[in-house]
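The structure appears below as structure tokens.
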2 protein chains.
Amino acid sequence: MNSIEIRKGIPSDIPAVMKLIRELAIFEKAEDQLETTEEQLVQDAFGDKSLFEFFVASSQGQVIGLSLFYYRYSTWKGKGLYLEDLIVTKPYRGQGVGKKLLLETVAYAKQEDCTGMYWQVLDWNSPAIEFYKSLGSQVDGEWLNCKLDKVALSQLG
Amino acid sequence: MNSIEIRKGIPSDIPAVMKLIRELAIFEKAEDQLETTEEQLVQDAFGDKSLFEFFVASSQGQVIGLSLFYYRYSTWKGKGLYLEDLIVTKPYRGQGVGKKLLLETVAYAKQEDCTGMYWQVLDWNSPAIEFYKSLGSQVDGEWLNCKLDKVALSQLG
């Protein structure tokens with residue numbers, strides 16, 4: 001593959017990051033679920049209280065991939081890194097960009113003294129599951145995700 | 001039930017919080033998995049960079065329940081609250097303490113401008129699943145949890 005650089009994300013990456021997030025939402029036929037804006041992402045990543053951090057993969061100065069994460073906390077294990085999104089734009093898939101992003105994030109988790117790295121995968125995505133297992137990750141289907149969305153929250157309490 | 005107070009956790013609550021965490025670990029026959037210490041929990045909650053916050057339920061000055069949470073980030077929805085642990089000590093179960101803790105956490109999520117509240121439940125825990133659904137939460141089994149633990153992390157990158 002062409003030379004791919006992985007680096008920490010900066011505010012001026014946000015428009016390209018938003019494009020990747022939108023590409024994934026369209027692929028999942030859920031563009032109408034996408035409520036964040038570029039301005040909000042800049043504020044949430046780089047404002048007073050940073051809610052997430054990210055790495056980008058770039059090729060010839062263009063952002064073509066994203067690893068977006070924040071810190072989680074395990075009362076048994078302490079500080080961990082939660083990988084929320086790992087996206088590579090379609091024309092660049094199958095060239096190891098995702099693996100590069102993932103491994104850079106692993107290195108960062110270690111540097112930041114995280115005792116674990118966590119993420120989720122859809123249960124039908126066998127190639128991804130096999131890939132994650134090949135890296136040594138445990139994949140567990142015992143837990144269900146629970147969510148109170150904006151509407152449900154507004155009706156409680 | 002006796003009068004139960006729900007309030008934000010403070011550093012001097014941590015020994016009681018650790019006791020609740022240990023009680024749950026013993027119940028799950030996983031006490032050997034418990035690696036955090038009281039000192040570490042104090043540091044991680046109240047140090048320079050707070051990794052989690054919590055509410056306690058207290059009865060006659062004694063901590064009998066815990067809701068422990070941190071912020072997550074959804075690239076589609078923005079800031080959310082992730083509820084990591086909801087624990088009520090055994091003698092006080094079945095008296096609505098868990099619901100009180102959960103609703104106080106919901107109120108806090110709304111106050112902190114979260115667009116959603118998230119947590120997980122074991123797939124065989126039908127009473128809990130029904131309770132969460134009765135509050136309006138969506139429960140979804142499509143996703144698997146992936147984890148690189150300390151050992152797996154150390155072998156990568």
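The values are calculated or read from the model by the stated rules, or taken from the named source; none is laboratory data. In this text the structure is predicted, and so the values were computed from the model without any measurement. Every residue, glycine among them, receives a Cβ derived from its backbone with ideal geometry; neighbour counts consider all protein chains shown.
Take B:GLU130 and decide whether it is among the acidic types (Asp, Glu) and without any contact (Cβ under 8 Å) to a residue 24 or more places away in the chain.
Details: among the acidic types (Asp, Glu): yes; without any contact (Cβ under 8 Å) to a residue 24 or more places away in the chain: yes.
Taking the combined requirement at face value, the residue satisfies it.
Tell me, yes or no, whether the range B:116-123 has at least one residue that is at pLDDT 95 or above and of a type in the set (Ser, Thr, Tyr). The answer is yes, given that some residue of the range B:116-123 is at pLDDT 95 or above and of a type in the set (Ser, Thr, Tyr). Note on the range A:1-83: no enclosed strands (runs of 3 or more DSSP E) hold 2 or more residues that are within 12 Å of chain B (Cβ to nearest Cβ), surrounded by fewer than 17 Cβ atoms within 10 Å (Cβ to Cβ) and polar (S, T, N, Q). When A:LEU101 is tested against the conditions (1) without any contact (Cβ under 8 Å) to a residue 40 or more places away in the chain; (2) more than 7 Å from chain B (Cβ to nearest Cβ), the lone failure is (1).
Consider the range B:135-157. How many of its residues are closer than 26 Å to A:SER134 by Cβ, facing chain A (nearest Cβ under 7 Å) and not in a strand (DSSP E or B)? Residues meeting the conditions: 9. Residues in the range A:103-134 that are buried (at least 17 other Cβ atoms within 10 Å of the Cβ) and assigned to a loop (DSSP other than H, G, I, E, B): A:CYS114, A:THR115, A:GLY116.
Here A:GLU104 clears all of (1) farther than 25 Å from B:LYS49 by Cα; (2) modelled with pLDDT of 95 or more except the condition numbered (1). Here B:LYS90 meets the list (1) more than 7 Å from chain A (Cβ to nearest Cβ); (2) modelled with pLDDT under 95; (3) surrounded by fewer than 16 Cβ atoms within 10 Å (Cβ to Cβ) almost entirely, failing just condition (2).
A:SER74 meets the conditions (1) closer than 30 Å to B:LEU41 by Cα; (2) within 15 Å of the chain's Cα centre (by Cα); (3) hydroxyl-bearing (Ser, Thr, Tyr) in every case but one. The failed one is (2).
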